[in-house]
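S.K.: Can you keep this structure in mind? I'll have questions shortly.
The values are calculated or read from the model by the stated rules, or taken from the named source; none is laboratory data. As the structure is a prediction and not an experimental result, all values here were calculated from the model. Because the Cβ atoms are built from the backbone with ideal geometry, glycine has one as well, and the counts that use them run over all protein chains shown.
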Amino acid sequence: MSNTEASPQSKARLTGRALAVFGVTFSFAAILLSGGILLFAPKGRISSTTGWEALGLDRQGWGDLHIVLAALFAGFSLWHAALHLPVFKSLLAGSKTAPQGHRTEALIALAAVLALAVLTLLQLPPASWLLDLNGYFKHVFWAR
(Lines give C-alpha, C1' and ligand atoms only; values in the text may rest on other atoms or scores of the structure.)
Protein backbone atom coordinates (compact mmCIF):
# COMPACT_ATOMS: atom_id res chain seq x y z
CA MET A 1 0.00 0.00 0.00
CA SER A 2 1.45 3.35 -0.99
CA ASN A 3 1.34 6.45 1.13
CA THR A 4 -0.82 9.01 -0.73
CA GLU A 5 -0.56 11.68 1.93
CA ALA A 6 1.84 14.47 1.12
CA SER A 7 4.68 14.77 3.54
CA PRO A 8 4.71 18.05 5.41
CA GLN A 9 7.05 20.63 3.94
CA SER A 10 9.84 21.66 6.23
CA LYS A 11 10.25 25.36 6.75
CA ALA A 12 13.10 26.82 4.72
CA ARG A 13 15.96 27.96 6.89
CA LEU A 14 17.19 31.53 6.90
CA THR A 15 20.12 32.05 4.54
CA GLY A 16 22.62 34.88 4.40
CA ARG A 17 22.59 34.92 0.59
CA ALA A 18 18.83 35.40 0.37
CA LEU A 19 18.93 38.05 3.09
CA ALA A 20 21.72 39.91 1.26
CA VAL A 21 19.83 39.80 -2.05
CA PHE A 22 16.56 41.00 -0.54
CA GLY A 23 18.36 43.59 1.60
CA VAL A 24 20.08 45.08 -1.47
CA THR A 25 16.86 45.00 -3.48
CA PHE A 26 14.55 46.52 -0.87
CA SER A 27 17.02 49.14 0.39
CA PHE A 28 17.75 50.14 -3.22
CA ALA A 29 14.03 50.55 -3.92
CA ALA A 30 13.66 52.65 -0.78
CA ILE A 31 16.58 54.99 -1.60
CA LEU A 32 15.29 55.23 -5.17
CA LEU A 33 11.95 56.44 -3.79
CA SER A 34 13.48 58.84 -1.26
CA GLY A 35 15.98 60.15 -3.81
CA GLY A 36 13.23 60.68 -6.36
CA ILE A 37 11.16 62.63 -3.86
CA LEU A 38 14.19 64.72 -2.85
CA LEU A 39 14.97 65.43 -6.52
CA PHE A 40 11.63 67.20 -6.89
CA ALA A 41 11.38 68.64 -3.36
CA PRO A 42 11.67 72.39 -2.77
CA LYS A 43 14.83 73.72 -1.17
CA GLY A 44 14.96 73.91 2.62
CA ARG A 45 13.75 77.50 3.08
CA ILE A 46 10.79 77.11 0.72
CA SER A 47 10.03 73.71 2.18
CA SER A 48 9.92 75.14 5.71
CA THR A 49 7.91 78.23 4.74
CA THR A 50 5.26 76.35 2.79
CA GLY A 51 5.07 73.36 5.12
CA TRP A 52 5.87 71.04 2.19
CA GLU A 53 5.37 67.34 2.80
CA ALA A 54 5.27 64.18 0.72
CA LEU A 55 3.74 60.99 2.07
CA GLY A 56 3.71 62.50 5.57
CA LEU A 57 7.39 63.51 5.72
CA ASP A 58 8.93 66.95 5.33
CA ARG A 59 12.14 67.64 3.40
CA GLN A 60 14.33 67.08 6.46
CA GLY A 61 12.60 63.78 7.16
CA TRP A 62 13.14 62.60 3.58
CA GLY A 63 16.78 63.70 3.69
CA ASP A 64 17.40 61.88 6.96
CA LEU A 65 15.65 58.76 5.68
CA HIS A 66 17.66 58.86 2.44
CA ILE A 67 21.00 59.04 4.29
CA VAL A 68 20.17 56.18 6.66
CA LEU A 69 18.76 54.00 3.87
CA ALA A 70 21.84 54.70 1.71
CA ALA A 71 24.07 53.52 4.57
CA LEU A 72 21.93 50.38 4.91
CA PHE A 73 22.17 49.81 1.14
CA ALA A 74 25.96 50.20 1.31
CA GLY A 75 26.12 47.63 4.10
CA PHE A 76 23.93 45.12 2.29
CA SER A 77 25.88 45.73 -0.94
CA LEU A 78 29.22 45.02 0.75
CA TRP A 79 27.78 41.89 2.33
CA HIS A 80 26.35 40.80 -1.04
CA ALA A 81 29.70 41.43 -2.75
CA ALA A 82 31.59 39.47 -0.07
CA LEU A 83 29.22 36.51 -0.40
CA HIS A 84 29.58 36.53 -4.18
CA LEU A 85 33.32 37.19 -4.35
CA PRO A 86 33.98 33.84 -6.12
CA VAL A 87 31.43 34.74 -8.81
CA PHE A 88 32.96 38.20 -9.17
CA LYS A 89 36.43 36.68 -9.52
CA SER A 90 35.30 34.20 -12.18
CA LEU A 91 33.58 37.00 -14.11
CA LEU A 92 36.89 38.87 -14.22
CA ALA A 93 39.34 35.98 -14.55
CA GLY A 94 37.25 33.61 -16.63
CA SER A 95 35.77 30.19 -16.08
CA LYS A 96 35.18 26.95 -17.99
CA THR A 97 32.00 28.35 -19.52
CA ALA A 98 33.46 31.79 -20.30
CA PRO A 99 37.25 31.40 -20.55
CA GLN A 100 37.75 35.03 -21.55
CA GLY A 101 35.84 36.28 -18.54
CA HIS A 102 33.79 39.44 -18.68
CA ARG A 103 36.49 42.06 -18.33
CA THR A 104 35.01 44.12 -21.17
CA GLU A 105 31.72 44.44 -19.31
CA ALA A 106 33.58 45.36 -16.12
CA LEU A 107 35.51 48.06 -17.96
CA ILE A 108 32.34 49.43 -19.57
CA ALA A 109 30.61 49.63 -16.17
CA LEU A 110 33.65 51.25 -14.57
CA ALA A 111 33.95 53.73 -17.44
CA ALA A 112 30.26 54.64 -17.12
CA VAL A 113 30.61 55.33 -13.40
CA LEU A 114 33.80 57.35 -13.83
CA ALA A 115 32.40 59.27 -16.81
CA LEU A 116 29.26 60.26 -14.93
CA ALA A 117 31.30 61.25 -11.89
CA VAL A 118 33.56 63.47 -14.04
CA LEU A 119 30.60 64.93 -15.97
CA THR A 120 28.92 65.74 -12.67
CA LEU A 121 32.00 67.43 -11.23
CA LEU A 122 32.48 69.43 -14.45
CA GLN A 123 28.74 70.27 -14.60
CA LEU A 124 28.43 68.83 -18.13
CA PRO A 125 25.50 67.03 -19.83
CA PRO A 126 23.86 64.63 -19.29
CA ALA A 127 24.67 64.87 -15.56
CA SER A 128 24.05 68.61 -15.58
CA TRP A 129 20.56 68.04 -17.00
CA LEU A 130 19.56 66.11 -13.90
CA LEU A 131 21.12 68.74 -11.67
CA ASP A 132 19.33 71.49 -13.63
CA LEU A 133 16.02 69.64 -13.21
CA ASN A 134 16.67 69.45 -9.48
CA GLY A 135 17.55 73.16 -9.40
CA TYR A 136 14.41 74.03 -11.36
CA PHE A 137 12.19 72.31 -8.81
CA LYS A 138 14.09 73.72 -5.83
CA HIS A 139 14.37 77.33 -7.02
CA VAL A 140 11.68 77.93 -9.66
CA PHE A 141 8.76 75.48 -9.49
CA TRP A 142 8.28 75.65 -5.72
CA ALA A 143 9.15 79.38 -5.48
CA ARG A 144 5.98 80.41 -7.32
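S.K.: Of all residues in segment 21-55, which are small (Gly, Ala, Ser), closer than 16 Å to residue 69 by Cβ and in contact (Cβ under 8 Å) with a residue 60 or more places away in the chain?
M.R.: Initial filter on segment 21-55 (small (Gly, Ala, Ser)): 23, 27, 29-30, 34-36, 41, 44, 47-48, 51, 54.
From what is left, the residues that are closer than 16 Å to residue 69 by Cβ are 23, 27, 29-30, 34-36, 41, 54.
Passing the criteria: only 41.
S.K.: OK, next. From 2, 90, 27, 77, grab the single residue that is among the polar types (S, T, N, Q), out of contact with any His (no Cβ under 6 Å at 6 or more places or on another chain), more than 29 Å from residue 130 (Cα to Cα) and modelled with pLDDT of 90 or more.
M.R.: Working: 2 fails: modelled with pLDDT of 90 or more; 27 fails: more than 29 Å from residue 130 (Cα to Cα); 77 fails: more than 29 Å from residue 130 (Cα to Cα).
The match here is 90.
S.K.: Quick check on segment 105-119. Is at least one of its residues in a helix (DSSP H, G or I), touching a Ser or Thr at 6+ places or on another chain (Cβ under 8 Å) and surrounded by 12 or more Cβ atoms within 10 Å (Cβ to Cβ)?
M.R.: Our first condition is that a residue be in a helix (DSSP H, G or I); within segment 105-119, this holds for 105-119.
Now narrow it down to the ones that are touching a Ser or Thr at 6+ places or on another chain (Cβ under 8 Å): 119.
Filter once more, keeping what is surrounded by 12 or more Cβ atoms within 10 Å (Cβ to Cβ): 119.
The answer is yes; a qualifying residue exists.
S.K.: Limited to segment 31-74, what total is found for residues that are aromatic (Phe, Trp, Tyr) and in contact with an Asp or Glu (Cβ under 7 Å, 6 or more places away or on another chain)?
M.R.: At the first step, the residues of segment 31-74 found to be aromatic (Phe, Trp, Tyr) are 40, 52, 62, 73.
Of the ones still in play, those that are also in contact with an Asp or Glu (Cβ under 7 Å, 6 or more places away or on another chain) are 52.
Matching residues across segment 31-74 total 1.
S.K.: May I pose another question? Considering only residues that are loosely packed, with under 14 Cβ neighbours inside 10 Å, assigned to a loop (DSSP other than H, G, I, E, B) and among the small types (Gly, Ala, Ser), which ones fall in segment 41-83?
M.R.: Across segment 41-83, the qualifying residues are 51, 56.
S.K.: Let me ask something else. What's the number of the condition residue 138 fails, among (1) charged (D, E, K, R); (2) more than 30 Å from residue 43 (Cβ to Cβ); (3) surrounded by 13 or more Cβ atoms within 10 Å (Cβ to Cβ)?
M.R.: Answer for residue 138: the failing condition is (2).
S.K.: Against the conditions (1) assigned to a loop (DSSP other than H, G, I, E, B); (2) exposed (fewer than 13 other Cβ atoms within 10 Å of the Cβ), where does residue 101 fall short? Just the number, please.
M.R.: Going through (1) assigned to a loop (DSSP other than H, G, I, E, B); (2) exposed (fewer than 13 other Cβ atoms within 10 Å of the Cβ) one by one, residue 101 breaks only (2).
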